[in-house]
1. What is the one condition in (1) crowded, with 22+ Cβ neighbours inside 10 Å; (2) within 16 Å of the chain's Cα centre (by Cα) that residue 316 does not satisfy?
2. State which residue pairs qualify: first residue assigned to a loop (DSSP other than H, G, I, E, B) and inside the stretch 340-364, second residue modelled with pLDDT under 95 in any location, beta carbons under 7 Å apart, and separation of 6 or more residues or different chains.
3. Output yes when any residue across the stretch 102-121 is over 19 Å from residue 65 (Cβ atoms) and touching a residue at least 60 places away in the same chain (Cβ under 8 Å), and no when none is.
4. Go through the stretch 164-198 and give me each residue that's in contact with a helix residue (DSSP H, G or I) (Cβ under 9 Å, 6 or more places away or on another chain), buried (at least 24 other Cβ atoms within 10 Å of the Cβ) and touching a residue at least 60 places away in the same chain (Cβ under 8 Å).
5. Could you figure out which of (1) more than 16 Å from residue 267 (Cβ to Cβ); (2) surrounded by 24 or more Cβ atoms within 10 Å (Cβ to Cβ); (3) touching a strand residue (DSSP E or B) at 6+ places or on another chain (Cβ under 8 Å) isn't true of residue 159?
6. Inspect all residues belonging to the stretch 92-112 and state whether any of them is within 16 Å of the ligand (Cβ to nearest atom), within 23 Å of residue 266 (Cβ to Cβ) and in a loop (DSSP other than H, G, I, E, B).
7. Filtering the stretch 274-298 down to residues that are crowded, with 22+ Cβ neighbours inside 10 Å and within 16 Å of the ligand (Cβ to nearest atom), which residue is farthest from residue 233 (Cα to Cα)?
8. For the stretch 217-233, name all the residues that are more than 16 Å from the ligand (Cβ to nearest atom) and either over 18 Å from the mean Cα position of the chain (by Cα) or closer than 23 Å to residue 349 by Cβ (or both).
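The values are calculated or read from the model by the stated rules, or taken from the named source; none is laboratory data. Quantities reported herein were computed from a predicted structural model and do not represent experimental measurements. Cβ placement follows ideal geometry from the backbone for every residue including glycine, while neighbour counts extend to all protein chains displayed.
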Ligand SMILES: [Zn+2]
């Protein structure tokens, strides 16, 4: 395609959301000295600063989003859930759900995060832009229709998918490469045949027992959920193999009108929340592939939305790698690459390959054999847990 038009959505208020005093993801309480909780955003502001300083942001048109309306939020969420987020935030502190702490600015930040994703999707569908990146907080993919969860207040990408359908897109592909499973996105669309949800995540990380290979959709949505629970320690080659062998063929089989990517960067080798090995090269390569896939399938229409990312020092470089790929630029300088790229976990290992091979041959969307007898075929699914894997010496 000709040079794509790129949009960058961000808003200062998103950086003002702060879950309050705590340590990591746990609020202050017995045994917890005050430090800070994750998803406070000096780090994300630094990420935007690096993209700006590198000159990459100059390739984008910067757009200031407006807050999502109640009508937008109600596409996915219940009125009671919206009221709880608003009321808890108005008090200035507290948990709006399950490990979803807020401050006074959080309700507005969350509406702006959703608004950015909705407006990015709409703009892309209208042809004003081809590709968009939304640097938003709070994240969204754990938020369920009726509750906030794990730092996520509203489900930014899920609402954007529904808004895209309201705007005329019939079929939407959501790819989620945040290291955690996007339970909220999965639950929203589990019985919907017109939204294909694909998640690449660390097996068994969070939520517990969520994102299994056997969770493939239900009812009319049977086959429209594709979970790829990669074993802890998976790195560059495993992620690229999953994209090449699962995401690409599934997308071609599904034929979406729009692609949305829940583009968390917490699968990096320096992230404190996961145990994966990805580098900025991984995110650059995956983003490039998805943009090519959009050129092939959706006339280039694709929106990336930030989700998790908790390494104070590495997150900016990972966002830059993603942004550079959206802009069609080479992978940027990565001063941290030397600490990760030589490690053996970067090569595809046999126990990682086994998960991908299983899905290639058994997922209803990828295997005609499995679609004939899905329950029988899926009953022999590997657990994909490291304990079930062959010995580490079994492959590279
Ligand atoms: Zn995450």
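1. (2)
2. Pairs that qualify, where the first residue is assigned to a loop (DSSP other than H, G, I, E, B) and the partner is modelled with pLDDT under 95, are 347/396; 349/395; 349/396; 363/370; 364/370; 364/371; 364/374.
3. Of the stretch 102-121, the ones over 19 Å from residue 65 (Cβ atoms) are 102-104.
Those left that are additionally touching a residue at least 60 places away in the same chain (Cβ under 8 Å): 102-103.
Taking every residue of the stretch 102-121 in turn, at least one turns out to be over 19 Å from residue 65 (Cβ atoms) and touching a residue at least 60 places away in the same chain (Cβ under 8 Å).
4. 164, 172, 173, 174, 175, 176, 177, 182, 185, 188, 196
5. For residue 159, the exception is condition (3).
6. Yes, that holds for at least one residue.
7. First pass over the stretch 274-298, keeping only residues crowded, with 22+ Cβ neighbours inside 10 Å: 274, 276-280, 282-284, 286-287, 290-291, 294, 298.
The next check asks that each one be within 16 Å of the ligand (Cβ to nearest atom); those that pass are 274, 276-278, 282-283, 286.
Details: 274: 9, 276: 5, 277: 6, 278: 9, 282: 14, 283: 16, 286: 18 Å.
It comes out as 286.
8. Residues of the stretch 217-233 more than 16 Å from the ligand (Cβ to nearest atom): 217-226, 231, 233.
Within the stretch 217-233, 217, 218, 219, 220, 221, 222, 223, 226, 231, 233 qualify.
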